[in-house]
Amino acid sequence: MIRILLTFCAFTLVLVSCSEVKTTYVDQAYTADLQEFTNPERGFYRPFGTQTSDFQALNAEELLALQKSNPAAGGFSVGSTLTYRSYQFDTFREKPLNEEILQAIQTDMNTVRSVGNKIILRFTYSSNCCTPPFNDVPKEIIFQHLDQLQAVIAKNVDVIAVVQMGLIGPWGEQFYSDYFGDLEHGPVTNQHWLDRNAVIQKLLDIVPKSRMVQVRAPYYKLRYVEGEEALPENAKPLTADEAFSESDKARLAHHNDCILANADDYWTYNSFHTWPATSDTLNLKKYIADETKYLVFGGETCPGGAAGEDVFSPYNDCISEGGNAQNYLKRFHTSFLNTSWSGAVNGDWTNKCIDEIKRNLGYRFELRKGNFPTKLINGKPFKMQLEIENVGYASTYNYRSAELILKDSITQKEYHQKLDVDTRFWFTNEVQKITTKGVWPEKVSKGNYKLYINFPDASESIANRPEYAIRLGSLKDGTSVFDPGTGWNLLFSEIVVK
């Protein structure tokens with residue numbers, strides 16, 4: 001599909017005509033850059049969990065080292081700028097958080113920002129699985145802690161990619177619980193679901209609206225949206241009109257911590273409309289596939305066997321090996337996966353389709369072609385055309401726009417023009433055709449210029465940091481278009497301003 005985006009003459013429209021000055025326009029072609037590189041908020045993440053009983057702070061040197069290619073479970077290597085951070089409040093199950101732990105979380109956030117990473121954030125209370133007691137906490141304690149955490153989350157939203165619900169049950173996966181219903185052993189009452197929904201609502205309320213919250217299984221969201229009438233066969237996924245509206249429905253997303261374990265990813269696609277639960281992969285997989293076009297999705301693979309063996313091979317193997325791994329990851333618009341779990345599944349991809357998966361997790365924008373003027377005259381209209389295709393599994397899930405930049409090849413002076421685009425709508429396998437018509441919005445000094453496109457982070461605090469800018473997967477004349485010093489992507493090298 002091709003989407004056409006137009007940027008018109010802005011405030012100068014009333015002063016000059018949009019008829020073009022006669023000038024030479026040049027076609028520029030680009031080729032795909034197949035090398036491995038990181039990009040913000042996507043890819044294979046590195047997990048770092050810690051307990052308040054034995055708090056281990058994040059280490060800047062370690063995170064920096066992991067940005068370069070390092071071994072991952074399964075025998076392959078990968079670089080990571082996405083950090084999963086789980087905080088287990090095992091010493092605060094009956095009391096408020098103290099200032100020491102809140103400051104420790106803030107110090108972690110400072111570390112993440114200093115190295116240019118982003119965080120997948122989760123809060124938990126226990127890893128005691130899978131027979132009771134599970135050592136999670138009642139709703140009142142969760143609410144008290146979330147009120148305390150609200151300020152630190154808001155202060156650091158720039159480096160938070162997404163928040164995972166956590167909070168209930170072992171590892172925060174919301175399956176087993178002492179207080180919210182045990183979804184394997186029972187009982188599970190309507191009050192349990194009301195309490196679960198109240199926790200979801202509280203988390204949505206304290207997390208800034210610019211960020212999504214992921215729940216562990218699709219039925220949890222269905223029950224939140226539909227209440228007692230939540231039936232998978234009647235599920236109404238998020239629509240294009242609702243997407244990215246910052247409504248609760250548009251912010252409640254999905255993660256799966258047992259990807260490709262078996263046919264229903266070990267209870268992920270269960271319907272809990274009645275108890276005991278029943279598997280409903282037909283309706284719930286379609287629901288997730290439709291929803292995640294507009295919502296962030298990711299997690300970790302899962303071996304499924306009692307002794308950690310892979311029981312779902314060859315289905316979870318590469319397509320070339322008779323499997324379906326890439327199709328699964330693309331169907332559910334997967335943005336990130338764990339490097340540490342599971343090696344039994346990920347290992348089957350090593351030296352086969354792992355390079356393809358590393359490239360395509362999340363978004364991957366590639367330049368196709370452009371058409372640019374060889375000269376600009378101040379106050380006179382021009383046009384530029386550009387085509388960019390997303391060949392990744394997903395679009396960006398946090399807001400990000402773009403800008404064109406003219407940079408003088410001698411003086412290095414810069415001129416910026418923001419584009420009216422939103423990369424969250426740059427869906428997989430779609431070509432974005434961007435046409436800019438009009439005059440440059442400020443007077444440009446005469447000289448020879450290079451033209452760049454920049455995709456900066458939306459947060460002002462890190463908008464000028466190249467680590468947080470999107471790198472395009474493209475080559476111009478055999479060389480990467482990306483400039484690591486600025487975070488910009490080179491479009492065209494020879495524009496004369498008169």
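The values are calculated or read from the model by the stated rules, or taken from the named source; none is laboratory data. Just so you know, these numbers come straight off a predicted model, no measurement behind them. Positions of Cβ are backbone-derived with ideal geometry, glycine not excepted, and every protein chain shown enters the neighbour counts.
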Report task. Mind listing whichever residues of the range 296-343 are at pLDDT 95 or above and of a type in the set (A, V, I, L, M)? Result -> Val296, Ile319, Ala325, Leu329, Leu337
**Report entry** Residue count, the range 80-109 (criterion: aliphatic (A, V, I, L, M), within 13 Å of Leu121 (Cβ to Cβ) and in a helix (DSSP H, G or I))
**Finding:** 2
Requested in this report: Using the structure shown, decide if Leu183 is among the aliphatic types (A, V, I, L, M) and within 30 Å of Glu309 (Cα to Cα).
Outcome: yes
Report summary line: The residue that is modelled with the highest pLDDT, considering only those in the range 30-57 that are exposed (fewer than 12 other Cβ atoms within 10 Å of the Cβ) and under 30 Å from Tyr399 (Cα atoms), is Leu34
Query raised in the report: Which is in a loop (DSSP other than H, G, I, E, B), modelled with pLDDT of 95 or more and assigned by TED's automatic domain parsing to the domain that holds Val421, of Pro456, Pro441?
Result: Pro456
Report task. For the range 303-321, state whether one or more residues are crowded, with 21+ Cβ neighbours inside 10 Å and in contact with a Cys (Cβ under 7 Å, 6 or more places away or on another chain). Result -> no
Query raised in the report: Of the residues that make up the range 73-80, is at least one farther than 25 Å from Phe37 by Cβ, touching a residue at least 24 places away in the same chain (Cβ under 8 Å), in contact with a Gly (Cβ under 9 Å, 6 or more places away or on another chain) and outside the structural domain of Glu460 (by TED's automatic domain parsing)?
Result: no
Query raised in the report: Among the residues of the range 397-405, is there at least one that is within 23 Å of Val431 (Cβ to Cβ), under 27 Å from the mean Cα position of the chain (by Cα) and among the aromatic types (Phe, Trp, Tyr)?
Result: yes
Query raised in the report: Can you name every residue in the range 375-392 that is closer than 25 Å to Phe455 by Cβ and either in a helix (DSSP H, G or I) or of a type outside the set (A, V, I, L, M) (or both)?
Result: Phe382, Lys383, Gln385, Glu387, Glu389, Asn390, Gly392
Report summary line: Here the qualifying pairs (Cβ atoms under 6 Å; residues six or more apart or on different chains; first in the range 461-473 and buried (at least 16 other Cβ atoms within 10 Å of the Cβ); second among the basic types (Lys, Arg) and not in a helix (DSSP H, G or I)) come out as Gly473/Arg364
Report task. Could you tell me which residue of the range 434-459 is nearest to Tyr397 (Cα to Cα), considering only residues that are surrounded by fewer than 17 Cβ atoms within 10 Å (Cβ to Cβ), in contact (Cβ under 8 Å) with a residue 40 or more places away in the chain and more than 17 Å from the chain's Cα centre (by Cα)? Result -> Thr435
Report summary line: Every listed condition ((1) part of a helix (DSSP H, G or I); (2) out of contact with any strand residue (DSSP E or B) (no Cβ under 7 Å at 6 or more places or on another chain)) holds for Lys358 save (2)
Requested in this report: Determine, yes or no, whether Gln432 is touching a Ser or Thr at 6+ places or on another chain (Cβ under 9 Å), assigned by TED's automatic domain parsing to the domain that holds Phe492, modelled with pLDDT of 95 or more and closer than 30 Å to Glu246 by Cα.
Outcome: yes
Requested in this report: Would you be able to say whether some residue in the range 157-166 is part of a helix (DSSP H, G or I) and either among the hydrophobic types (A, V, I, L, M, F, W, C) or out of contact with any Lys or Arg (no Cβ under 9 Å at 6 or more places or on another chain) (or both)?
Outcome: yes
Query raised in the report: Does Glu246 satisfy the condition of being surrounded by fewer than 19 Cβ atoms within 10 Å (Cβ to Cβ) and at positive phi?
Result: yes
Query raised in the report: List, please: which pairs have Cβ atoms under 7 Å, are six or more places apart or on different chains, and start with a residue in the range 392-406 that is within 12 Å of Ile470 (Cβ to Cβ) and end with one that is among the aromatic types (Phe, Trp, Tyr)?
Result: Gly392/Tyr363; Ser395/Tyr363; Ser395/Phe425; Ser395/Trp426; Ser395/Phe427; Thr396/Tyr363; Arg400/Phe455; Ala402/Phe455
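Here's the yes/no breakdown for (1) aromatic (Phe, Trp, Tyr); (2) closer than 17 Å to Ala235 by Cα; (3) modelled with pLDDT under 95:
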{"site": "Ala261", "(1), (2), (3)": "no, no, no"}
{"site": "Trp267", "(1), (2), (3)": "yes, no, yes"}
{"site": "Pro276", "(1), (2), (3)": "no, no, yes"}
{"site": "Ser279", "(1), (2), (3)": "no, yes, no"}
{"site": "Leu282", "(1), (2), (3)": "no, yes, no"}
{"site": "Tyr287", "(1), (2), (3)": "yes, yes, no"}
{"site": "Thr292", "(1), (2), (3)": "no, yes, no"}
Report task. Could you check, for the range 336-351, whether at least one of its residues is free of Cβ contacts under 8 Å to residues at least 40 places away in the same chain and surrounded by fewer than 21 Cβ atoms within 10 Å (Cβ to Cβ)? Result -> no
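Tell me which residues, restricted to the range 459-477, are closer than 13 Å to Leu367 by Cα and either in a loop (DSSP other than H, G, I, E, B) or in the same structural domain as Val159 (by TED's automatic domain parsing) (or both).
Looking only at the range 459-477, we keep the residues that are closer than 13 Å to Leu367 by Cα, and these are 470-477.
Residues satisfying the conditions are Ile470, Arg471, Leu472, Gly473, Asp477.
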Query - All positions within the range 110-134 that are crowded, with 16+ Cβ neighbours inside 10 Å, in a loop (DSSP other than H, G, I, E, B) and not aromatic (Phe, Trp, Tyr) - result: Gly116, Asn117, Ser126, Ser127, Asn128
Query raised in the report: Can you name the residue in the range 273-302 that is in a loop (DSSP other than H, G, I, E, B) and under 26 Å from Gly392 (Cβ atoms) and is also nearest to the chain's Cα centre (by Cα) among such residues?
Result: Val296
Report summary line: Checking Glu173, Glu140, Glu94, Glu100 in turn, the sole residue that is at pLDDT 95 or above, among the acidic types (Asp, Glu) and within 21 Å of the chain's Cα centre (by Cα) turns out to be Glu173
